[in-house]
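Coordinate-derived values only; no laboratory data. Note that the coordinates shown come from a computational prediction; the quantities given were computed from them, not determined experimentally. Neighbour counts run over all protein chains shown; Cβ positions are idealised from the backbone, glycine included.
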Amino acid sequence: MIAATVVEQQELSISALCELLGVSRSWYYEKPTAEEIAQRDVELRDAIERITLEFAGYGYRRVTKQLGRQGLVVNHKRVLRVMREESLLCQLQRRFVATTDSKHSHQTYPNLLSGLVLDGLDEAWVADITYIRLPTSFVYLAAILDAYSRRCIGWALSRFIDAKLTLWALEMAQRAAPPPSWVYSSLGPGSAVRVW
């Protein structure tokens with residue numbers, strides 16, 4: 001009661017409040033017993049459990065704020081300790097988002113560099129597109145690597161996966177290194193494909 005009055009009436013000291021209530025200051029500063037501490041922990045645990053049942057996605061910080069709204073003044077570290085001990089911490093499952101459709105009807109292309117032995121830089125470039133997960137969305141990354149050194153010579157980021165994304169990466173690669181001479185690799189009788 002004195003602690004609550006001190007918070008409300010900040011101009012009154014603890015000594016003055018103890019005199020008004022007719023109790024000694026040592027009574028105010030007396031440490032609680034182990035049973036009182038255990039009872040407070042049980043009450044706190046019950047309050048935390050009610051909040052986590054109502055708001056399943058709340059972590060210890062939100063639970064601490066909610067306890068404050070309910071009039072319980074408690075440190076966030078104590079809330080975290082109690083939530084850990086009672087296994088009340090939030091366990092949200094991330095949903096799997098499929099970004100690749102491998103069962104498509106489109107033509108797949110062979111690896112033209114599978115048997116090629118590279119002797120130096122800029123003989124062959126390889127490219128790929130991937131996504132990067134952000135907290136609210138995805139961005140797409142197009143990268144061009146030199147196949148010999150594995151050095152990234154061009155890249156581009158975009159929120160959209162379209163032709164501009166790959167063209168920006170190609171332009172960067174052409175500025176970083178001159179376009180390599182055409183490499184012809186034989187895939188079979190009478191077929192030659194340009195790779196660069």
Please report the net charge: other residues with Cβ closer than 13 Å to the Cβ of Arg78, K and R +1, D and E -1.
+2
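How much FRET efficiency would the formula 1/(1 + (r/R0)^6) give for Arg151 and Gln91, where r is the Cβ-Cβ distance and R0 is 45 Å, rounded to 0.05?
According to the calculation, E is roughly 0.60.
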Low-density loop cleavage sites - chymotrypsin sites (Phe, Trp or Tyr not before Pro) in the stretch 25-116, where at most 15 other Cβ are within 10 Å (DSSP):
Phe55, Phe96
Measuring from its Cα centre, the stretch 2-85 shows a charge dipole (+1 at each Lys and Arg Cβ, -1 at each Asp and Glu Cβ) which, in debye to the nearest 20, is 540 debye
Sorted by chain and number, the residues with a modelled amide H under 5 Å from that of Ile153, at a separation of 5 or more or across chains, are Ile144, Leu145, Asp146
If amide H atoms are built 1.01 Å from N in the plane of the peptide, which residues on other chains or at least 5 residues away come under 5 Å of the amide H of Glu86?
none
Whichever aspartates and glutamates have a C-alpha closer than 20 Å to that of Lys103, once near sequence neighbours (fewer than 8 apart) are set aside
Asp128
Relative packing of 121-130, 38-47, which averages over residues the other C-beta atoms within 10 Å, highest first:
121-130, 38-47
About the Cα centre of the stretch 125-177, how large is the charge dipole given +1 on each Lys and Arg Cβ and -1 on each Asp and Glu Cβ? Please answer in debye to the nearest 20.
140 debye
Per residue of the stretch 57-62, in order, report the coupling 6.51 cos²θ - 1.76 cosθ + 1.60 (Karplus, θ = phi - 60°) as ³J(HN,Hα) in whole Hz, putting x for Gly and Pro.
x, 6, x, 5, 5, 5
By Cβ neighbour count within 10 Å, fewest first, Glu30, Glu49 rank Glu30, Glu49
When the charge dipole of the stretch 1-147 is computed with +1 on Lys and Arg Cβ and -1 on Asp and Glu Cβ about the Cα centre, the Cα farthest towards its positive end, among Leu141, Gly68, Ser26, belongs to Ser26
Once the other residues with Cβ under 10 Å from the Cβ of Asp146 are scored (Lys, Arg +1; Asp, Glu -1), what is the net sum?
0
For the stretch 106-122, Karplus-derived ³J(HN,Hα) couplings (6.51, -1.76, 1.60; θ = phi - 60°; whole Hz; x for glycine and proline) come out as 6, 5, 9, 9, x, 7, 6, 9, 4, x, 7, 9, 8, 10, x, 5, 6
